[in-house]
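Novice: Take this structure first; my questions come after.
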Amino acid sequence: MAADGEKGTDLKPLIGTDEATIDSKGRILLGKKKRDRLGETFAMAIGELGCICAYPESRWQERLDEINRYDPINQGRQQYARLFFGYADDEMSCDTQGRVVIPQKLRELGKLTEKVLLVGCYDHLEVWDPEEYDQYCMYPDTYGKERREAMEKAYNKMKG
């Protein structure tokens, strides 16, 4: 990650798709490459499509910084922050075996049960229920439309 504070200078992309299983404690095993690229600590939030997104610390900080540029009484900022950060969790890390617990509420919102797909999306990792991911792939323009439109509307309102 960008140790010198410059945006993305050391960012190694999160790429590829892996399968994983959620154990009885809500943990998934991340492969070494994905763990290394997420970094020691990272954040998770529900994404605009309804999947769970894991962000390296530097990318998460960029999201925080962007929102902080707008006045706290800006209604768009308030709406967007609620939608994006409302179920987020930060300072997450993997245990010594490479597992991370996906918080219960995020598992519920992302419809995650036993099997999941870990999809690298360059600057973040998406965690999908396989059936939901298939639906997204079949209908990318309409999948998750309500949530996506609500987030986009709040974001645009925030930016003015």
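Novice: Do the conditions hold for Leu83, that is, is it more than 26 Å from Asp18 (Cα to Cα), under 13 Å from the mean Cα position of the chain (by Cα) and outside any loop (DSSP other than H, G, I, E, B)?
Specialist: yes
Novice: Shifting gears a bit: Run Gln78 past the list (1) crowded, with 19+ Cβ neighbours inside 10 Å; (2) closer than 29 Å to Glu149 by Cα and report the number of the one that doesn't hold.
Specialist: With respect to (1) crowded, with 19+ Cβ neighbours inside 10 Å; (2) closer than 29 Å to Glu149 by Cα, Gln78 is out only on (1).
Novice: State which residue is surrounded by the most Cβ atoms within 10 Å (Cβ to Cβ) when the search covers only the stretch 27-43 and only residues that are farther than 13 Å from Leu11 by Cα and hydrophobic (A, V, I, L, M, F, W, C).
Specialist: That would be Phe42.
Novice: Now, a different point. Just give me the residues in the stretch 99-134 being among the small types (Gly, Ala, Ser) and out of contact with any Lys or Arg (no Cβ under 8 Å at 6 or more places or on another chain), in sequence order.
Specialist: Matches in the stretch 99-134: Gly110 only.
Novice: Can you find even one residue in the stretch 97-106 that is in contact with a Gly (Cβ under 7 Å, 6 or more places away or on another chain), surrounded by 14 or more Cβ atoms within 10 Å (Cβ to Cβ) and farther than 15 Å from Phe42 by Cα?
Specialist: Looking for residues that are in contact with a Gly (Cβ under 7 Å, 6 or more places away or on another chain), surrounded by 14 or more Cβ atoms within 10 Å (Cβ to Cβ) and farther than 15 Å from Phe42 by Cα, one finds none in the stretch 97-106, hence no.
Novice: Let me ask you something else. For the condition charged (D, E, K, R), within 16 Å of Tyr155 (Cβ to Cβ) and in contact with a helix residue (DSSP H, G or I) (Cβ under 6 Å, 6 or more places away or on another chain), what is the one hit in Arg82, Arg77, Arg63? Quick ask: steps written out before the conclusion?
Specialist: Details: Arg82 fails: in contact with a helix residue (DSSP H, G or I) (Cβ under 6 Å, 6 or more places away or on another chain); Arg63 fails: in contact with a helix residue (DSSP H, G or I) (Cβ under 6 Å, 6 or more places away or on another chain).
Only one candidate qualifies: Arg77.
Novice: Then there is this: With the structure loaded, tell me whether Asp65 is in a helix (DSSP H, G or I), under 23 Å from Lys12 (Cα atoms) and either among the charged types (D, E, K, R) or in contact (Cβ under 8 Å) with a residue 40 or more places away in the chain (or both) or whether it fails that test.
Specialist: On the way: in a helix (DSSP H, G or I): yes; under 23 Å from Lys12 (Cα atoms): yes; either among the charged types (D, E, K, R) or in contact (Cβ under 8 Å) with a residue 40 or more places away in the chain (or both): yes.
Judged against the criteria, Asp65 is a match.
Novice: Could we say that Ile52 is under 16 Å from Arg107 (Cα atoms), in contact with a helix residue (DSSP H, G or I) (Cβ under 8 Å, 6 or more places away or on another chain) and crowded, with 17+ Cβ neighbours inside 10 Å here?
Specialist: Against the criterion (under 16 Å from Arg107 (Cα atoms), in contact with a helix residue (DSSP H, G or I) (Cβ under 8 Å, 6 or more places away or on another chain) and crowded, with 17+ Cβ neighbours inside 10 Å), Ile52 qualifies.
Novice: Would you pick out the residues in the stretch 19-52 that are touching a Gly at 6+ places or on another chain (Cβ under 8 Å) and either under 12 Å from Pro103 (Cα atoms) or not charged (D, E, K, R) (or both)?
Specialist: Correct list: Leu29, Leu30, Gly31, Ile46, Leu49, Gly50, Cys51, Ile52.
Bear in mind that the values in this text are calculations on the coordinates, not laboratory data. Since the model is a prediction, treat every value here as computed from it, not as a measurement. Note: ideal-geometry Cβ built from the backbone for every residue, glycine included; neighbour counts use all protein chains shown.
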